[in-house]
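Before any comments, here is the structure.
Please treat every number below as a calculation from the coordinates, not as lab data. From a predicted model like this one, the values you see are computed outputs, not experimental measurements. Methodologically, a virtual Cβ is constructed for each residue, glycine included, from the backbone with ideal geometry; neighbour enumeration extends over all protein chains shown.
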């Protein structure tokens, strides 16, 4: 049984005649007749009886009709689903990130543009994030370093200057500028997965000498921000990360320009899919602002 045979049978059963079925399917009546006959011969059964111009469905035909109704109903549902996915009126996007500080802003912009797309979001260490994409547990990754695996596509959407972040209770809370040399003796807060991010060319961590500075390693950038706010050390954050937290003061770095890049990563083979491409387009437009 092929799809054309079942479709011909269904049309005859629904319309009550071969001529009517032919008109609906845009075929000739002999073509419809041949399809139904081929189906009957394949299974050695009779689906219709013809009495002159009248076509009567058999008991076998009635049982098959119940199934064909379900089949073509599901086919129509599949068509509607795929059409809605193509127009981004439905779908789900699973996103992972090394930090929520920038990622949630990107997700908010995407959701405002495509409100019918369901989003899931998790933060995790940089060492784990590419595995989530490669194992199909995530569609998009937002991270601060380019992907290492050649099966992945990564695009840098922005590169943002960094400031030194200190607590409002820190002795430097009134300072406007500072040099890197002045950091000696200060406790510098860094995320535990910094080694993965530091592979990016020109990453700010290369300016920090772990033998010359006291390093407080914490699980994530979010925890690091809380540590800064509670005066456990100093850290490097973007202006956006600092500005909305009244507990933190930002200081310009006088003798160099440290930057933090943001990369969007996906499977190379999925880069041109409608949903993934739309996410890239929405985030790139933010980075260009």
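Some points to look at:
- Taken together, 74, 82 contain a single residue that is surrounded by fewer than 14 Cβ atoms within 10 Å (Cβ to Cβ), under 27 Å from residue 18 (Cα atoms) and out of contact with any helix residue (DSSP H, G or I) (no Cβ under 9 Å at 6 or more places or on another chain), which is 74.
- Enumeration of residues in the range 11-56 that are surrounded by fewer than 17 Cβ atoms within 10 Å (Cβ to Cβ), in contact (Cβ under 8 Å) with a residue 12 or more places away in the chain and in contact with a strand residue (DSSP E or B) (Cβ under 8 Å, 6 or more places away or on another chain): 16
- The single condition from (1) part of a loop (DSSP other than H, G, I, E, B); (2) within 15 Å of residue 264 (Cα to Cα) that residue 116 fails is (2).
- Matching residues, the range 16-53, being in a helix (DSSP H, G or I) and within 45 Å of the chain's Cα centre (by Cα): 21, 22, 23, 24, 25, 35, 39
- The listed residue being touching a residue at least 40 places away in the same chain (Cβ under 8 Å), under 30 Å from residue 123 (Cβ atoms), in contact with a strand residue (DSSP E or B) (Cβ under 9 Å, 6 or more places away or on another chain) and surrounded by 14 or more Cβ atoms within 10 Å (Cβ to Cβ), out of 88, 65, 93: 93
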